[in-house]
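Contents: one structure, followed by commentary.
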Amino acid sequence: MSPKFKPEIAIIGGGIAGLGLAIALHAQDFPCTVYEQAPEKGRFSGAIMLAPNSLQILDTLGIYERIKSKGWSFEAVAMKDMEGKTTDRIFLGSKRLFKYDALRIYRNVFVKELQAICHERGINVKYETKYSHIVEERDNGVTFALADGTEINCDVLIASDGIHSKVRQHVYPDIAPQYNGILVVCGAVKRDLLNVGPDDEMDCPVMYPGKNGAFVMAPQNNDGSEYKAGTQRKFEAQTREGWDKLAKDPKFLHGFLEEGIEDRQPIVQSAIRGIDTDSIYIWAFHTLPKLPKWSSEKGRIIILGDAAHAIPPTTGQGANQALEDVYSFAVLMARKSESTTVAEAVDWWQSMRQERVDKLLELTSKLNNLRMPVEEQKKLEAGEIFQVEDGGSGEQWRWLFRPELEKRIDEWCKEHDKQ
Ligand SMILES: Cc1cc2nc3c(=O)[nH]c(=O)nc-3n(C[C@H](O)[C@H](O)[C@H](O)COP(=O)(O)OP(=O)(O)OC[C@H]3O[C@@H](n4cnc5c(N)ncnc54)[C@H](O)[C@@H]3O)c2cc1C
């Protein structure tokens, strides 16, 4: 895939990774087609947080300017003690330190903008087109089938079809996402309904500890009139049908949120009572066992985004890491020399990406423990719970928010060419 070799690239899945990849490849002059099973409109609920590591990428691709006024920008999460006093701040962005504040934005709004950009830039996205299976993978290409029976040939097939990826199942039939025992229930509440006390901070996300798990609130629209509000704790595993049933059961959803409400802070009590039932969703945390390779044996199928490494949401990095994957992949393919094979480049790319994902999984586990019920935290070693280590300066986040991907790619290309 040197600039002279212009492969036909098929991208399965038009979520954040798939559309982001299409835009990043297009910027490097690689043609591609995205196959997305869902219709163009209205697929996602809730908001996501975009951090400086992905905002830098979105800026380079001409996307950031279009979305920044559509979300809520902020620096850090304020961490409260049981009395409601702020004890620490966990940085999720900072214009001063990392060039960008974090941005909370509705997934729908973000994906809609990515779709519009694809349309404007002439990128081919085929909606309501479902991948079914791989017909054949050859040394020089792949044939795959859609659910309607159509067979399509491409030089390279990229799987960005999410955590339950069907393409990954072809490459790794025995690897499946694993529930890690934690369930989040959250929904939207109008700011006007919150019982705001003098110590409550309303200009940033805020986390209140609790006997039944921490409660998090975060503005999620551009004027801060609506907050995401919810909690997480251990919960027994369910089948996929079981999760679907619970997600639609208002009694269960409100019951989960309301457990131990009497011991919660007044603002949290008001949030729980004010949450709009229709907005409530659940998120059972799943992680994916480490894939030996993010590509198939013959190297013509490549896996990225949630399909390669689902990260639980506590660090808010799933979409951010998916965007790092796609941008670094496109840049590497464009900058590698002709003498470097795609397989060599993909192997290095995977190791570079996996290193960051591993570090994040460790951080996520510590942050999850910070959100556990107070009594459960007492059973853990100090090192298992996240701690602010830099005196609150935010510097401990630099590795995450300023990854300098292009610098690393250029260094590798230079080194590799010398060998
Ligand atoms: C409630 C919630 C809140 C989140 N909050 C954050 C956050 O704050 N910050 C953050 O960084 N991340 C967050 N995430 C995680 C983030 O959304 C994911 O990590 C990210 O969307 C991964 O992108 P993806 O494109 O790899 O997968 P997905 O977004 O899952 O997209 C996969 C796409 O593939 C399509 N697809 C699947 N199968 C097929 C098929 N057979 N044929 C064709 N198309 C197919 C799907 O329809 C979908 O559009 C959140 C996730 C959820 C659910």
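The values are calculated or read from the model by the stated rules, or taken from the named source; none is laboratory data. All values derive from a computational prediction rather than experimental measurement. Cβ coordinates were reconstructed from backbone atoms using ideal geometry, including for glycine residues, and neighbour counts include every protein chain displayed. Protein only, heavy atoms only, side chains kept; ligands, DNA and RNA dropped before computing areas. Shrake-Rupley method; radii C 1.70, N 1.55, O 1.52, S 1.80 Å.
Testing the spin-label approximation: label points 7 Å from Cα along Cα→Cβ at residue 261 and residue 190. State their distance in nm.
1.8
Given 170, 87, 159, which one lies farthest toward the positive end of the charge dipole of segment 69-180, if we put +1 on the Cβ of every Lys and Arg and -1 on the Cβ of every Asp and Glu?
So the residue we want is 87.
Under unit Cβ charges (Lys, Arg +1; Asp, Glu -1), what dipole magnitude, rounded to 20 debye, does segment 131-229 have relative to its Cα centre?
Approximately 380 debye in magnitude.
How big, on average over all directions, is the shadow cast by the Cα convex hull of segment 1-135, in nm²?
11.2
In nm, give the distance between the simple-model label positions of residue 281 and residue 99, each being 7 Å from the Cα along the Cα-to-Cβ direction.
Taking the simple label geometry, residue 281 and residue 99 are separated by 2.9 nm.
Tell me which of 109, 270, 179 sits at the most positive position along the dipole axis of the chain, charges placed on C-beta atoms (Lys, Arg +1; Asp, Glu -1).
The one lying farthest along the dipole's positive direction is 109.
With a 1.4 Å probe and every protein chain left in place, work out the accessible area per residue of the chain in Å², rounded to a whole number.
44
In whole Hz, what ³J(HN,Hα) sequence does segment 288-295 give by Karplus (6.51, -1.76, 1.60; θ = phi - 60°), x for Gly and Pro?
10, x, 4, 7, x, 9, 8, 8
Roughly how many debye, to the nearest 20, is the charge dipole of the chain about its Cα centre, given +1 on each Lys and Arg Cβ, -1 on each Asp and Glu Cβ, and no other charges?
260
Determine, for each peptide in 331-340, 317-326, the mean count of other beta carbons within 10 angstrom over its residues, then list the peptides with the highest first.
Averaged packing, sorted descending, gives the order 317-326, 331-340.
For residue 127 and residue 151 in the same chain, what is the full-extension length gain: residue separation times 0.36 nm, less their Cα-Cα distance, in nm?
7.0 nm
Rg over Rh of segment 178-286, using C-alpha atoms and the Kirkwood radius, what does it come to?
In segment 178-286, Rg relative to Rh is 0.97.
In whole percent, and with a 1.4 Å probe on the protein chains, what portion of the accessible area of segment 178-286 is carbon and sulfur?
48
What helices in the chain pass both tests, a Cα length along the helix axis of 15 Å or more and a mean Kyte hydropathy of -0.5 or higher, using whole DSSP H runs?
Those that pass (Cα extent of 15 Å or more, hydropathy at least -0.5) are 16-27, 107-120, 318-335.
Just name one of 63, 231, 216: the one whose Cα is farthest towards the positive end of the charge dipole of the chain (beta-carbon charges, Lys/Arg +1, Asp/Glu -1).
So the residue we want is 63.
For residue 336, what is the net charge nearby, where nearby means another residue's Cβ is under 10 Å from its Cβ and Lys, Arg count +1, Asp, Glu -1?
Local charge sum for residue 336: -2.
In nm, to one decimal, how far is the modelled label at residue 347 from the one at residue 59, with both set 7 Å along Cα→Cβ?
A separation of 3.5 nm, rounded to one decimal place.
If contacts are Cα pairs under 8 angstrom and at least 6 residues apart, what is the relative contact order of the chain in percent?
21
For segment 178-286, with only Lys/Arg (+1) and Asp/Glu (-1) charged at the beta-carbon, what is the dipole magnitude about the Cα centre, in debye rounded to 20?
Once rounded to the nearest 20, the dipole reads 380 debye.
Residue 372: net charge of surrounding residues, Cβ under 12 Å, Lys/Arg +1, Asp/Glu -1, itself excluded?
+4
Leaving ligands, DNA and RNA out of it, report the carbon-plus-sulfur percent of the accessible area of segment 55-140 at a 1.4 Å probe.
Percent of accessible area from carbon and sulfur atoms in segment 55-140: 47.
Pop the C-beta distance of residue 273 and residue 28 into the FRET formula with R0 = 41 Å and round what comes out to the nearest 0.05.
0.20
Looking at the chain as a GNM with Cα springs under 10 Å, which of 31, 219, 312 has the largest mean-square fluctuation?
Looking only at 31, 219, 312, the largest GNM fluctuation is found for 31.
Want the number for residue 419 to residue 241: 0.36 nm per residue separation, take away the alpha-carbon distance, what's left?
Using 0.36 nm per residue and subtracting the Cα-Cα distance, I get 58.8 nm.
Equivalent ellipsoid semi-axes for the chain, as square roots of 5 times the alpha carbon gyration tensor eigenvalues: give them largest first, rounded to whole Å.
Each semi-axis is the square root of five times an eigenvalue, giving 37, 23, 20 Å.
Under 10 Å from the Cβ of residue 89, count the other residues' Cβ atoms, weight Lys and Arg +1, Asp and Glu -1, and hand me the total.
With Lys, Arg at +1 and Asp, Glu at -1, the net is -3.
If I take R0 = 30 Å and measure r between the Cβ atoms of residue 120 and residue 179 in this structure, what FRET efficiency does the formula 1/(1 + (r/R0)^6) give, to the nearest 0.05?
That gives a FRET efficiency of 0.15.
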